[in-house]
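The structure appears right after this line, and notes come after that.
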Amino acid sequence: MSDATTQTHDRRDGIQVVARVADILRHLSMVPDGLTPQELADRSGIPRPTIYRIAKALAAEDFVRIMPSGRLAVGPGIMGVAISSRRDIRHEVSPFLQKLSEDLDETADLAVLYAGEALYVDQYVSPHVLRIVAHIGGRLPLHCTANGKALLASLTPEQVDAVLPEPLTRNTPNTITDKRLLAEEIQHVRDTGLSFDLEEYEEGVVAVGAFVRDVMGDVVSLAAVVPMLRYRRDEAAIVAAVARTRDEAQAALVKPAQPR
């Protein structure tokens, strides 16, 4: 075999490996709980031994997590790549998020849209013993969380339809699973600039959120997350604080850069 033929063959093999890696990550990104190698093989058409080999290499780079059960899931490394284009806006908003948490003595978190879910990328935790924590790198549904609804409100109705799963999962008796009703609520979020999770993702937990957009069009959502007990007591203050944080962060994001 000539050198030219060998190079062509190697290049073709390399392209095939890249395509398989992309296919594996694409399928894993759609299932937060991960897939078994056999399930991944069935969905992708890639032989299971090949999946094992590629998954092991991706795990070494932190792009895939191999769980104790043997299931495969997207790893934190690929999430870092996913949000890298929005890293500037995350850093710009972070001081406002911290102030929101300190003003309310409640947890405040930041999320971006990723693979049809809200990916949590920053958080300041409440000092209270009774507090709500969503781990950075965790992914939660869009339709029943304040961050998720805020992110949906940043999209067009057509984009919302494309990103939402079918059917919508019911997490609590308060979860909206009717897409028509959800569309009405998302429009209300667009009109008011505030989103609410009133025990829709988890009973006893309430969140108030909003989204902000920078001049490049990148979007993040921020939210205050509190136990229902304290929300009933401090509702007006919590809603006002989130609205104020949204306005201050948005103003900072569109402010022209100062010359050096």
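The values are calculated or read from the model by the stated rules, or taken from the named source; none is laboratory data. Every value quoted in this text rests on a predicted model; they were computed, and no experiment measured them. Positions of Cβ are generated from backbone atoms using ideal geometry, with glycine treated the same way; all protein chains shown enter the neighbour counts.
Of note:
- Verdict on Ala57 being modelled with pLDDT of 90 or more, out of contact with any Pro (no Cβ under 9 Å at 6 or more places or on another chain) and in the same structural domain as Ile238 (by TED's automatic domain parsing): no
Each row is one residue, and each column tells you yes or no for (1) basic (Lys, Arg); (2) assigned by TED's automatic domain parsing to the domain that holds Ser29; (3) without any contact (Cβ under 8 Å) to a residue 40 or more places away in the chain.
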| residue | (1), (2), (3) |
| --- | --- |
| Ala153 | no, no, no |
| Pro165 | no, no, no |
| Lys179 | yes, no, yes |
| His188 | no, no, yes |
| Glu203 | no, no, yes |
| Phe211 | no, no, no |
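Residue by residue, here is whether (1) surrounded by fewer than 23 Cβ atoms within 10 Å (Cβ to Cβ); (2) out of contact with any strand residue (DSSP E or B) (no Cβ under 9 Å at 6 or more places or on another chain); (3) assigned by TED's automatic domain parsing to the domain that holds Ala240 holds:
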| position | (1), (2), (3) |
| --- | --- |
| Thr145 | no, no, yes |
| Lys149 | no, no, yes |
| Asp161 | yes, yes, yes |
| Arg170 | yes, yes, yes |
| Leu198 | yes, no, yes |
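- Single match in Arg139, Arg131 (criterion: buried (at least 16 other Cβ atoms within 10 Å of the Cβ), modelled with pLDDT under 95 and either under 29 Å from Ala73 (Cα atoms) or under 19 Å from the mean Cα position of the chain (by Cα) (or both)): Arg139
- Residues that are touching a Leu at 6+ places or on another chain (Cβ under 9 Å) and either outside any loop (DSSP other than H, G, I, E, B) or under 16 Å from Glu92 (Cα atoms) (or both), drawn from segment 200-217: Val206, Ala207, Val208, Gly209, Ala210, Phe211, Val212, Arg213, Asp214, Val215
- Close pairs (9 angstrom Cβ cut-off, 6 or more residues apart or separate chains): among the acidic types (Asp, Glu) in segment 50-67, crowded, with 17+ Cβ neighbours inside 10 Å anywhere: Glu61/Gly75; Glu61/Ile78; Asp62/Gly75; Asp62/Ile78
- Search result, residues across segment 148-168 that are under 11 Å from the mean Cα position of the chain (by Cα) and under 12 Å from Glu200 (Cα atoms): Gly148
- Number of residues in segment 60-88 that are modelled with pLDDT of 85 or more and within 22 Å of Val212 (Cβ to Cβ): the value is 0.
- Between Glu106, Glu102, Glu39, the distinction of being surrounded by fewer than 18 Cβ atoms within 10 Å (Cβ to Cβ), at pLDDT 90 or above, out of contact with any Gly (no Cβ under 6 Å at 6 or more places or on another chain) and in the same structural domain as Ala243 (by TED's automatic domain parsing) belongs to Glu102 only.
- Unmet requirement for Ala224, which otherwise passes all of (1) closer than 14 Å to Lys99 by Cα; (2) small (Gly, Ala, Ser); (3) touching a Gly at 6+ places or on another chain (Cβ under 7 Å): (3)
- Set side by side, the residues Ala224, Ala183 differ, and just one is within 21 Å of Leu113 (Cβ to Cβ) and part of a strand (DSSP E or B), which is Ala224.
- Among the residues of segment 41-71, those that are more than 25 Å from Tyr120 (Cα to Cα) and of a type in the set (A, V, I, L, M) comprise Ala41, Ile46, Ile51, Ile54, Ala57.
- The set of residues in segment 16-58 that are assigned to a helix (DSSP H, G or I) and of a type in the set (Val, Ile, Thr) comprises Val17, Val18, Val21, Ile24, Thr50, Ile51, Ile54.
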